[in-house]
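The values are calculated or read from the model by the stated rules, or taken from the named source; none is laboratory data. Just so you know, these numbers come straight off a predicted model, no measurement behind them. In this analysis, Cβ positions are derived from the backbone assuming ideal geometry, glycine residues included, and neighbour counts consider all displayed protein chains. When the accessible area is computed, the model is the full protein with side chains, heavy atoms only, and any ligands, DNA or RNA have been set aside. Shrake-Rupley method; radii C 1.70, N 1.55, O 1.52, S 1.80 Å.
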Amino acid sequence: MQFNIPDYVEKILEKLEKEGYQAYVVGGSIRDMLLGKSPKDYDITTDAKPFELEDIFSDYKTISVGKEFGTIIVCQEEGNVEITTFRQEGNYLDGRRPEWVTFSRKVEDDLSRRDFTINAMAYNKKVGIIDPYGGREDLKNRIIRTVGNPEKRFSEDYLRILRAIRFATELKFTIDKPTFYAGRKYSSKISNVSMERISDEFFKILLSKKPSNGIRMMEEMGILEVILPELIPTIGFDQRNPNHNMDVYNHILCVLDNTPPIIQTRLAALFHDIGKPSSLTIDERGVGHFYGHDQIGAQISKMVLDRFKASNDLRDKVYLLVKEHMNHHADFKEKGLKRLIRRMGEKEIFDLIDLQIADIKCSNEKATIDHIVERRKRIEEILEKEEAYEIRQLAINGRDLLGLGLKQGPIIGKVLEYLLDRVMDKPELNEKDTLKKLALDYIEKK
């Protein structure tokens, strides 16, 4: 079988072979090509040792990312290529790093240390595919299976348990039984893995086509209660409300699947109703209500994303989306919509609309999204007309107010807020001379 390897990758393979070394494209790129996908990146494995690699590619820009483990990155304009020396490893004492690494002359030794069979294949034009662990067969049968003993593989790096779920979710594969049972046995050990590595895999699950499959696998394997225990109380939680035909957990997963694959939107979908179990009240008719669950959920999202070491920007976007998700009940006038755009931002306002549409669709079959579709249309019109909703969009600024004789200080901000309030009501007022007159009238009255 022949693969179409990009020229910039083929050039590295040829250079290594010219110097008398073996060289193969390896891992996920082979998996992707066998699945008919275009790989995002290419990794190469070789019997050339690290100091030999540095010499061979001395005329390239290289980055050493783990010289002791035999890994360098060769930088080219078309893309970077990671090159790793064939290696064997000793026992993993900390569930993350081997106690020793030794370099090898056999590609099979290198493939034997990899995580899953579908990632343990190598290829070059001369030899073709090297597949000692049945990766092609597992791809054909849509199975995630470890290379060798699954308990040994997982004890080497407990993150592999979550990676198994991630691959199964992304590829719509099943995890074979021994691999699944080993993952469940060691699921609690994932707490030993750094949160940055966990969140990277978890976010990839959330961005898959049907993330609910991954969340359910995490639940079944016992990982959910380790990395996201806040979600556990929603499982089987009856909403006792005629407007909802699912328990909280299944509603959340439905919303998750029905939002676009944008990380802040998917995270907001995951957290939007997470505050319901702690906010339930029952009225005299036996109907459940969840007053303030949006505020509780927003606080939980902030706490969890801090734990996940997410960026402040992502955390704040998710917090705001969760906090605002119930405002689809509000009857916003034009000024109210402009204030909402100001709070959310031009892009995030549409993330909120997407979240609300998914939320309504997953409530019950009689729910209508007509009012949200109409709201989106009105927001689009406001933005298209460039009607002001922020101070920076006013035809006047602080310097102009100083020129009118106002003194530097809080009064400048107060006047600008007043002018914005007037302009949001009447966009035609957003003209410099008109705003100057309105500013002077406001100061006079003060």
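This model, with +1 at the C-beta of Lys and Arg and -1 at the C-beta of Asp and Glu, gives the chain a dipole about its Cα centre of some 600 debye. Each semi-axis of the equivalent ellipsoid for the chain is √(5λ) with λ an eigenvalue of the Cα gyration tensor; in descending order they amount to 52, 31, 19 Å.
Under the shape rule built on the C-alpha gyration tensor, where the axes satisfy a ≥ b ≥ c, the stretch 247-360 is oblate, since a/c reaches at least 1.5 while a/b does not exceed b/c. When +1 charges are put on Lys and Arg Cβ atoms and -1 charges on Asp and Glu Cβ atoms, the dipole computed for the stretch 194-272 relative to its Cα centre reaches about 280 debye.
Peptides 284-293, 217-226 ranked from most to least packed give 217-226, 284-293, packing being the mean of other C-beta atoms within 10 angstrom over each peptide's residues. Peptides 179-190, 378-389, 21-32 ordered by packing proxy, namely the average of other Cβ atoms within 10 Å per residue, highest first: 21-32, 179-190, 378-389. Averaging the Cα positions of each part gives two centres, and for the stretch 375-414 and the stretch 8-70 these lie 55 Å apart.
Quick one: ranking 103, 203, 51 by accessible area, 1.4 Å probe, largest first, what do you get? Working shown, then result.
Numbers: 103 65, 203 35, 51 130 Å².
Largest to smallest exposure gives the sequence 51, 103, 203.
Think of it as helices only: each DSSP H run of n ≥ 4 in the chain is worth -39500 (n - 2.57), and spread over all residues that comes to -14500 deg cm²/dmol at 222 nm.
Probe radius 1.4 Å, ligands and nucleic acids left out: which of 265, 368 has the largest accessible area, and how do the rest follow?
Sorted descending by solvent-accessible area, the residues read 368, 265.
With the convex hull drawn around the C-alpha atoms of the stretch 137-179, the volume per residue stands at 59 Å³. Packing around the peptides 312-320, 429-437, taken as the average count of other Cβ atoms within 10 Å per residue, puts them in this order, highest first: 312-320, 429-437. Per-residue surface analysis assigns residue 251 an accessible area of about 0 Å², computed on protein heavy atoms at 1.4 Å probe radius. Close amide H contacts of residue 116 (hydrogens built in the peptide plane, cut-off under 5 Å, sequence separation of 5 or more or a different chain): 147. When the charge dipole of the chain is built from unit charges on Cβ atoms (+1 for Lys and Arg, -1 for Asp and Glu) and taken about the Cα centre, the candidate among 65, 12, 330 whose Cα reaches farthest toward its positive end is 330. With the simple model of a label 7 Å out from the Cα in the direction of the Cβ, residue 55 to residue 373 spans 6.9 nm. Since only 289, 76, 154 are under comparison, the one whose Cα sits farthest along the positive direction of the charge dipole of the chain, derived from C-beta charges on Lys, Arg, Asp and Glu, is 289.
Solvent exposure of the chain, expressed per residue, is 48 Å² of accessible area, with all protein chains present and a 1.4 angstrom probe.
Of all DSSP-defined beta bridges confined to the chain, some 80% are antiparallel rather than parallel. Candidates 182, 167, 233 compared by Cα position along the dipole of the chain: farthest toward the positive end lies 233, with charges placed on Cβ. When +1 charges are put on Lys and Arg Cβ atoms and -1 charges on Asp and Glu Cβ atoms, the dipole computed for the stretch 372-446 relative to its Cα centre reaches about 300 debye.
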